[in-house]
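Bear in mind these aren't lab numbers, they're just calculated from the coordinates by the rules spelled out. The structure displayed is predicted, hence computed values, not measured ones. Note: ideal-geometry Cβ built from the backbone for every residue, glycine included; neighbour counts use all protein chains shown.
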Amino acid sequence: MFYREAGEFKASYKADQAILPIRQDRWFIWAILAVAFLVIPAVSSDYWLGTIMLPFLILALAAIGLNVLTGYAGQLSLGTGGFMATGAFAAYKLATMFPGMHILLVLLFSGTITAGVGILFGIPSLRIKGFYLAVATLASQFFLIWMFNKFGWFTNYSSSGVISAPPMTAIGDVLVTGAHATVTAKYLFALSIVTLLALITKNLVRSNIGREWMAVRDMDIAAEIIGIKMLPTKLKAFAYSSFLCGIAGALWAFVHTGSVEPLAFDVNRSFQILFMIIIGGLGSIMGAFLGSAFIVLLPIFLSNAPHWFGLDIPVDLISHIEAMVFGALIIFFLIVEPHGLARLWQITKEKLRLWPFPY
Amino acid sequence: MNIKKVKTGIIAAAVGMACLVSTPAVMAAESQYIGSLVYRTGPYAPGGIPWADGFADYINLLNERDGGINGVKLNLEECDTAYNTDKGVECYERLKGNGPTGMPAVMPLSTGITYALLDRVVADKIPLITSGYGRADGSDGTIFPYVFVPPATYWGGADIAINYISQQEGGYGNLKGKKIALVYHDSAYGKEPIKTLEALAAQHGFNLTLFPVPHPGLEQKSTWLKIGRQLRPDYVLMWGWGVMNATAIKEAAAVNFPREKFIGVWWSGNDADMVPAGDAAVGYKSLQFNGVGADFEVHKMIKQVLYANGKGSAKSEAGIGEVAYNRGVQSAVILTEALQGAMNEFGNKPVTGEQVQWALDRLDIDEARLKAIGAEGLFDPIKLSCADHLGKGRAKMTQWDGSQWKSISDWIEPNNEMLGAMYKESAAAYAKEKGITPRACN
């Protein structure tokens, strides 16, 4: 009834090619952004902003990164954690080598460095496909973590191998890292960066580069025959994906935890992000956010739920129940909608158009 | 899926959100809240459960026997981290504001969580107590006002281990030319002793060889072949964790390395790690910063007051006296003594983290006090000051006899003069990086 494109006429190609051609969608996105930027910081507690929203946003960014590589370009990767670690350690080295450097530049350069590392590990992708590529990227995961553990230079020779973010300001003297940064500032900073990068990525996957990626994903031989060069296309996907993962890693180390050891980016992190895009939906920016929400928020919800209902259950039992319910829900969603939550969202929209007379 | 289902879904989501926003359950108004981060699940649960039981038992003992501290009841809430850093941070953030005055102190029980909380505790003014783990340079109270590391640090542990070896060999002079190997968990935790050992090797002329073991440490065949067949060291030290410990001991037995010359740090000395190694573990030695066994006065009281009335936390009395259990009791004593110190100063009502930090800066658990608690010998007296957040840092050597740990040395004091300079240097480097101005301590 309300969600209908009837009567909306497009008078230009620009209007026709907009990301959100339907007016209601635009309103919806603006409303979400308004809620995210204005309402959530105003009404949420520090616990909500700092421990739920912040990891959700940063991991969503990493999931977008992996989605570019796996969802759009079809290259299965298990190296996300390694690339996030690269971003975190690059950011740390940059911030300590050049103490005056602005945090945005630090993030940009650490992303660029990670992109370079990503290209390096992407080279075998020309010859290796599918599960074998996953194993090759798994090697990058282990190699990178080993490297940061092994060479003291990366941690400025700290005896424990832990890096710690120096206090840095974003605009004026508003701190976004370090002990005295407010959670609201951290949240808004991360939100701005994630929003910006998500928008850029959305446009990128709609451009010729994105179409090349999808062509390679759908059938690489066909893509080659119509004139898409394999190596540059795949390497572009690796570079851009690593760029996003690197920034996510830097944000994780600097803005979220403040201090981090390489083990924070171990193979479990890679799997976590891979599960996000599988559950959220491969080849969808929206899916990255939905998947991140599912993986990050649901366990927290499950472990808190008994408390809210006033049930006095021992913590170990809660943990076990949490794992069981979480596992069951993953299976449930994959059976109900194998294409992920993003597809569910799309179906909902299609149904809404027909509402109240669905067929 | 039809629209009806979507509607139900939306309503369910809305109800869920409404629940999320509502405040957590109401606490009793005038009780002291204690938030405890434990790992009763996850891959390391066998070591985490006895700690949590010991901690809870001592808190419950104070509640049942004395009615709390200075008449203020204690209200313990646990949060399960599963030894996972993300979950640990979430737990800390969830618990820190609970109760009338918030969490009075946090004991994260994990190096990863400790590092993730270092910045946060400063902003939240909640003391971070890391007993025998975490940052060794946290002992410098001028730079880490909210970090407390009693009773021992890894660097101190490394020094004590070498000290013990020198005693076995008949003095530091005999260490020259000896071969000592370090088998360590390749992580922030495992790398902590390296600098100290390298300094000691240079000083005393022994050869140090490093053997990193990648997480989780199930595969150590090649490491132990090198140790047992090629290097043949005089002593092996181990900074291991979880399943790595039992694996190392079994591999040491496989290459026939004498277990008597195999010394683990305290985290390689849990009962839960020895039992799976079976007979291979007999003779293996481990440092402990707490007494071993179940014969302390406090154990008797816990059995009498709690377990006799079915109020114990552990499944059975058999769990009492495990090393990890004793550590839990020890941590609870340190915390409750600090709480009492804060209440004596600020009044007998729930105290804040800042007040507990004040008390921890002046914490003094001497022999007489330990005796009064019933923990004489359970751990070494602890005396802290504004600048010294460690105390003497002593530990003792124990040996596994196949069924339990036996104490085989007195408390050994590390070379605090040398270590103190190293703590200062490392803390100063941290302060420079983070732009921290050291606080004045008079």
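In terms of its Cα atoms, segment A:90-162 spans 43, 28, 12 Å along the principal axes, sorted from long to short.
Would you tell me the mean number of C-beta atoms belonging to other protein chains that fall within 10 Å of each C-beta in B:427-440, as a whole number?
Numbers: counts 0, 0, 4, 4, 0, 2, 10, 9, 7, 3, 0, 0, 0, 0.
Across B:427-440, the average partner-chain Cβ count within 10 Å equals 3.
One way to sum up the overall shape of segment B:124-172 is the equivalent ellipsoid from its Cα gyration tensor, whose semi-axes run 30, 9, 6 Å, largest first. Find, among the trypsin sites (Lys or Arg not before Pro) in segment B:150-196, those assigned to loop by DSSP (not H, G, I, E, B) with at most 14 other beta-carbon atoms within 10 angstrom. The qualifying sites are B:K176.
Given the C-alpha atoms of segment B:30-153, compute the convex hull and give its volume per residue in Å³.
Details: hull volume 13.1 nm³, N = 124.
Once divided by residue count, the hull of segment B:30-153 is 106 Å³.
To the nearest ten degrees, helix B:45-61 and the longest principal axis of the Cα atoms of chain B are 60 degrees apart.
Over 28 Å between Cα atoms: which of A:K129/A:K236; A:K129/B:K87; B:K250/B:K424; B:K191/B:K221 fall into that group? Flagged as over cut-off: A:K129/B:K87; B:K250/B:K424. Placing +1 on each Lys and Arg Cβ and -1 on each Asp and Glu Cβ, with no other charges, gives segment A:50-354 a dipole about its Cα centre of roughly 840 debye.
Within 10 Å of each Cβ in A:315-322, how many Cβ atoms from other chains are there, averaged over the peptide?
6
What does the helix-only formula give at 222 nm for chain A: each DSSP H stretch with n ≥ 4 adding -39500 (n - 2.57), the total divided by the residues, and the result rounded to the nearest 500 deg cm²/dmol? Spell out each step's value before the answer.
Working: 16 runs with 224 residues, N = 359.
My calculation for chain A gives -20000 deg cm²/dmol from helical runs alone.
Based on C-alpha pairs under 8 angstrom that are at least 6 apart in sequence, segment B:154-288 has a relative contact order of 24 percent. Pairing the Cα long axis of helix B:194-204 with the longest principal axis of chain B, what angle in degrees results, from 0 to 90 and rounded to the nearest 10? With rounding to tens, the tilt is 30 degrees.
For segment B:91-180, the calculated P(r) over all alpha carbon pairs, in 10 Å bins from 0 to the bin holding the longest distance, is 16, 37, 21, 15, 9, 2 percent. Of the residues B:I334, B:G88, B:W411, the one whose Cα sits farthest towards the positive end of the charge dipole of chain B is B:G88 (charges of +1 on Lys and Arg Cβ, -1 on Asp and Glu Cβ, taken about the Cα centre). When a/c is below 1.5 the answer is rounded, else prolate if a/b is larger than b/c, else oblate, so apply that to segment A:229-278 with a ≥ b ≥ c taken from the square roots of the Cα gyration tensor eigenvalues. Prolate shape, in that a/c is at least 1.5 and a/b is the bigger ratio. Remark: the protein assembly as shown is approximated by an ellipsoid whose semi-axes, taken from the C-alpha gyration tensor as √(5λ), come to 48, 32, 24 Å, largest first.
Legend: P(r) of chain B from all alpha carbon pair distances, 20 Å bins from 0, whole percents, reading 25, 55, 17, 2, 0.
Restricting segment B:245-353 to trypsin sites (Lys or Arg not before Pro) that sit in a DSSP loop and have at most 10 other Cβ atoms within 10 Å of their own Cβ leaves B:K315. Averaged over the residues of peptide A:163-170, the number of Cβ atoms from other protein chains lying within 10 Å of each residue's Cβ is 3.
A simple charge model with +1 on the Cβ of Lys and Arg, -1 on the Cβ of Asp and Glu and nothing else charged puts the dipole of chain B at about 1000 debye relative to its Cα centre.
Among DSSP beta bridges whose residues both lie in the protein assembly as shown, state the antiparallel percentage, nearest 5. Could you put the intermediate results ahead of the total?
Numbers: 15 of 43 bridges.
Just about 35 percent of them are antiparallel.
Computed across segment B:229-357, the Kirkwood hydrodynamic radius from all distinct Cα-Cα pairs reaches 17.3 Å. The largest-to-smallest principal axis extents of the Cα set in segment A:174-292 are 57, 28, 25 Å. Share of pairwise Cα-Cα distances greater than 32 Å in segment A:50-354 is 28 percent (whole percent).
Summing Cβ point charges (Lys, Arg +1; Asp, Glu -1) relative to the Cα centre of the protein assembly as shown gives a dipole of roughly 2600 debye. When the Cα centres of segment B:145-166 and segment A:212-239 are compared, how far apart do they sit, in Å? Cα centres, segment B:145-166 to segment A:212-239: 57 Å. When the C-alpha to C-alpha distance is required to be over 22 Å, the pairs from B:K349/B:K383; A:K14/A:K202; B:K195/B:K392; B:K96/B:K434 that qualify are B:K349/B:K383; B:K96/B:K434. Under the definition of Cα pairs under 8 Å and six or more residues apart, what whole-number percent is the relative contact order of segment A:50-354? Relative contact order for segment A:50-354 comes out at 33 percent.
Rounded, prolate or oblate: which fits segment A:234-340, taking a ≥ b ≥ c as square roots of the Cα gyration tensor eigenvalues, rounded meaning a/c under 1.5, else prolate when a/b beats b/c? If you can, show how the numbers build up before the last one.
On the way: a/c = 2.61, a/b = 1.42, b/c = 1.84.
Oblate shape, in that a/c is at least 1.5 and b/c is the bigger or equal ratio.
Over chain B, what is the percentage of antiparallel beta bridges among all DSSP beta bridges, to the nearest 5?
Numbers: 12 of 40 bridges.
Around 30 percent of the beta bridges assigned by DSSP in chain B are antiparallel ones.
Over all Cα atoms in segment B:154-288, the spread is summed up by Rg and Dmax: 13.5, 38 Å. By its C-alpha gyration tensor, with a ≥ b ≥ c as the square roots of the eigenvalues, how is segment A:37-99 shaped: rounded for a/c under 1.5, else prolate for a/b larger than b/c, else oblate? In terms of gyration-tensor shape, oblate.
Listed by chain and number, the aspartates and glutamates whose alpha-carbon sits under 20 Å from that of B:K226, ignoring those within fewer than 8 places in the same chain, are B:D186, B:D234, B:E251, B:E260.
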